[in-house]
Amino acid sequence: MAIQWFPGHMAKARRQVTEKLKLIDVVIELVDARVPQSSRNPMVDEITEGKPRLIVLNKADMADPVVTDAWLRALKRDDIEVVAVDAKHSKGLKQLMSGAEKLMQEKHDRMREKGRNPGPIRALIIGIPNVGKSTLINRLAGRNIAVTGDRPGVTKRQQWIKMKGGEMELLDTPGILWPKFEDQMVGYRLAATGAIKDDILNLDDIALYTARELSARYPDQLKERFKIDQLPEDAVELLELIGKKRGLVSGGYVDFEKASELLLNELRHEKIGRVSLETPADHDMA
Ligand code: G4P
């Protein structure tokens, strides 16, 4: 596979997140609801160890709701505090706040018993690029904030962003973790959902993976979108058929690259409907 995982990046990200952890009460780990396992860095458990953590399945508006429910149940069974949100349209933010409060409740109760005011919950949002960190910070803040990642060589004073109700404060620079391509499937899932750029993996391979997955998981949505009565079993044939249906033919041949781009674009822009490419059952968590 052409993609590499750069240990140097991860070491730096780890240092930056570790520094921030000293300042906060709760880690809000953002993952993509369509690929919740592949869109997290497996080292995150180790990096954030000891800090209360809330997992947020973001982009829930684009994910299959049945699969998102299955993820919520599977993670809760493991005693993980988890919520599904749609940061773009400000949905699920109240549940997110309640989740963070629940994590801090015992500590805050103890403080109150001692006559101390716990103050707002201080939180850090972490996640891989493109998962919606900036969008969530803006929505929670109720205004647009220029959210920037840590830039090499630029030392910036950390700022606390007050949430609308004042119950929580967020660090303005989210923790950016790199995805880890432990196996090829992780890379394909991230590429299909647009979390990583198409040029990192071979476009044809991503499209073939996507055609295969959609045929298996969402055959009816695929048929309806491309007006296909019977899906060919072979993914190459399916892509060719999609190309033909959309007139992507020149000199008698289907333009495979254009058909690949079209399928991926339609998936990423929800034209094929709500789709999840990973379930708890895929990870023996059902
Ligand atoms: P990051 O800071 O983690 O890198 O991610 P960012 O917030 O920039 O979000 C990346 C893309 O994901 C943006 O789309 C954003 O609008 C979209 N997004 C974030 N949260 C959600 C969500 O809950 N639902 C949906 N449907 N989309 C979400 P973009 O195309 O880059 O920008 P724009 O066209 O939306 O402005």
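Computed from the coordinates by the stated procedures, all read-outs in this text should not be read as laboratory data. Computed from a prediction, not measured in an experiment: that's the story for all the values here. FYI the Cβ positions are ideal-geometry reconstructions off the backbone, even for glycines, and counts take in every protein chain you see.
For the chain, set up a GNM with springs between Cα atoms under 10 Å and report which of 276, 98, 215 has the largest fluctuation.
98
Between the range 50-81 and the range 7-40, what is the C-alpha centre distance in whole Å?
If we compute the Cα centre of each part, the gap is 16 Å.
Using θ = phi - 60° and the Karplus relation 6.51 cos²θ - 1.76 cosθ + 1.60, list the HN-Hα couplings for the range 20-34 in order, rounded to whole Hz, with x at every Gly or Pro.
Once rounded to whole Hz, the list reads 6, 4, 5, 8, 10, 9, 9, 9, 9, 9, 8, 10, 8, 4, 6.
Using the Cα atoms as the points, what is the convex hull volume per residue of the range 78-133 in Å³?
98
Pull out a ≥ b ≥ c, the square roots of the eigenvalues of the alpha-carbon gyration tensor of the range 7-172, then state rounded if a/c is under 1.5, prolate if not and a/b is larger than b/c, and oblate in the remaining case.
Note, shape of the range 7-172 comes out rounded.
Kindly provide the GluC sites (Glu not before Pro) of the range 49-135 that DSSP labels as loop, not H, G, I, E or B, and whose Cβ sees at most 14 other Cβ atoms within 10 Å.
49
Restricting to bridges with both residues inside the chain, how much of the DSSP beta-bridge set is antiparallel, in percent to the nearest 5?
Bridges in the chain are about 25 percent antiparallel.
So which trypsin sites (Lys or Arg not before Pro) in the range 41-135 end up in coil per DSSP with only 10 or fewer other C-beta atoms within 10 Å?
Within the range 41-135, the qualifying trypsin sites (Lys or Arg not before Pro) (loop, at most 10 other Cβ atoms within 10 Å) are 114, 116.
Run the numbers for residue 162 and residue 283: contour at 0.36 nm per residue of separation, minus the present Cα-Cα distance, in nm.
Value of the extension gain: 39.8 nm.
Hey, what number do you get for the chain at 222 nm if only DSSP H runs of n ≥ 4 count, each worth -39500 (n - 2.57), divided across all residues, to the nearest 500?
When only DSSP H runs of four or more count, the value is -12500 deg cm²/dmol.
Please report the relative contact order for the chain, taking Cα pairs under 8 Å with a sequence separation of at least 6, and give it as a percent rounded to a whole number.
22
Tell me, how many Å apart are the Cα centres for the range 91-120 and for the range 170-199?
A separation of 31 Å, based on Cα centres.
What are the lysines whose alpha-carbon lies under 27 Å from the alpha-carbon of residue 258, with same-chain residues fewer than 8 places away excluded?
Cross-link targets: 59, 197, 223, 227, 244, 245, 271.
So what are the three principal axis dimensions of the range 202-279 from its Cα atoms, in whole Å, longest to shortest?
For the range 202-279, the Cα extents along the three principal axes come out at 41, 29, 22 Å.
P(r) for the chain, please, calculated from all Cα pair distances in 10 Å bins and given in %.
6, 27, 31, 21, 10, 4, 1, 0
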